Amino acid sequence: MSGAGPAPADRRRDSPAAGSPIQPIIKDVGEVYSRLLDHRPVIQGEIRYFVKEFEEKRGLRELRVLENLKNTIFETNERVLPKCEQAMQDNLSETFKRLQAANAMIHKLQERECEARKLQADKVMAREEKCIAHWEEFMKEQQNKRAEVDEEHRKAMERLKEQYSEMEKELAKYTSF
């Protein structure tokens, strides 16, 4: 270390104020400077105080919130949940009974409706069979009447033929004169 320069302890000795009456003045100026112009220690103290207060208040606030949550959960588990379960069981059984009654009534209504449809279908079938029987009777009657009309027509034609043949004969008598 011979070429790098004098050591720091040697510098203090080499300074012009070392061992002189100015040294207390320099020391006092340094203290005045640090008190008036160097605010780092004060600011650091304020920062430490603020962080401490913030953490304490925040920690207490979070503890209160967690305690409130714990109490709410406990109350819910111990009081509200059993009441809800009991109310649900009571209402569920009653609702189930009502559903069974409604289901039974609907089943009866469906049976009645099915019977009514069957009865209606039977009535329609009976009417249809009756109509078919009437139609067949009507057609037979029409056939008989047609046969009678055809027979009357044939007889009338024969009578007319005879009448015309007689008229021709009579006319032939008169035309021969």
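Placing +1 at every Lys and Arg Cβ and -1 at every Asp and Glu Cβ, with all other atoms neutral, what dipole size does the chain have around its Cα centre, in debye to the nearest 20?
Dipole magnitude for the chain comes out near 1180 debye.
Got a number for carbon plus sulfur as a percent of the chain's accessible area, 1.4 Å probe?
The value for the chain is 59 percent carbon and sulfur by accessible area.
With a 1.4 Å probe and every protein chain left in place, work out the accessible area per residue of the chain in Å², rounded to a whole number.
99
With +1 assigned to the C-beta of every Lys and Arg and -1 to the C-beta of every Asp and Glu, and no other charges, what is the dipole magnitude of segment 110-153 about the Cα centre in debye, to the nearest 20?
340
Quote the FRET efficiency, to the nearest 0.05, computed for M125 versus N91 with a Förster distance R0 of 45 Å and r equal to the Cβ-Cβ distance.
With a Förster radius of 45 Å, E is 0.35.
If you line up the long axis of helix 40-75 against the longest principal axis of the chain, both from Cα atoms, how many degrees apart are they, to the nearest 10?
30
Helix 81-175 against the longest principal axis of the chain: what's the angle in degrees, Cα atoms only, rounded to the nearest 10?
Once rounded, one gets 20 degrees.
If I model a spin label at N68 and D38 as a point 7 Å from the Cα along the Cα→Cβ vector, what separation in nanometres do I get?
4.7
Before rounding to the nearest 500, sum -39500 (n - 2.57) across all DSSP H runs of length at least 4 in the chain and divide by the residue total; then give [θ] at 222 nm in deg cm²/dmol.
Helix-only estimate at 222 nm: -31500 deg cm²/dmol.
Could you give me D for the chain, from Stokes-Einstein at 37 °C and 0.692 mPa s, where the hydrodynamic radius is the Kirkwood radius over C-alpha pairs? Units µm² s⁻¹, please.
99
Which one, P41, N91, H153, is farthest towards the positive end of the dipole of the chain when Lys and Arg carry +1 and Asp and Glu -1 on their Cβ?
P41
Which values of log₁₀ I(q)/I(0), to two decimal places, follow from the Debye formula for segment 27-76 at q = 0.28, 0.29 Å⁻¹ with a uniform point scatterer at every Cα?
-0.94, -0.96
For segment 38-96 and segment 108-122, what is the separation of their C-alpha centers, rounded to whole Å?
66
The values are calculated or read from the model by the stated rules, or taken from the named source; none is laboratory data. No experiment lies behind these values; they were computed from the predicted model shown. Virtual Cβ from ideal backbone geometry, glycine too; neighbours counted across all protein chains shown. With ligands, DNA and RNA removed, areas are computed over all heavy atoms of the protein, side chains included. Shrake-Rupley method; radii C 1.70, N 1.55, O 1.52, S 1.80 Å.
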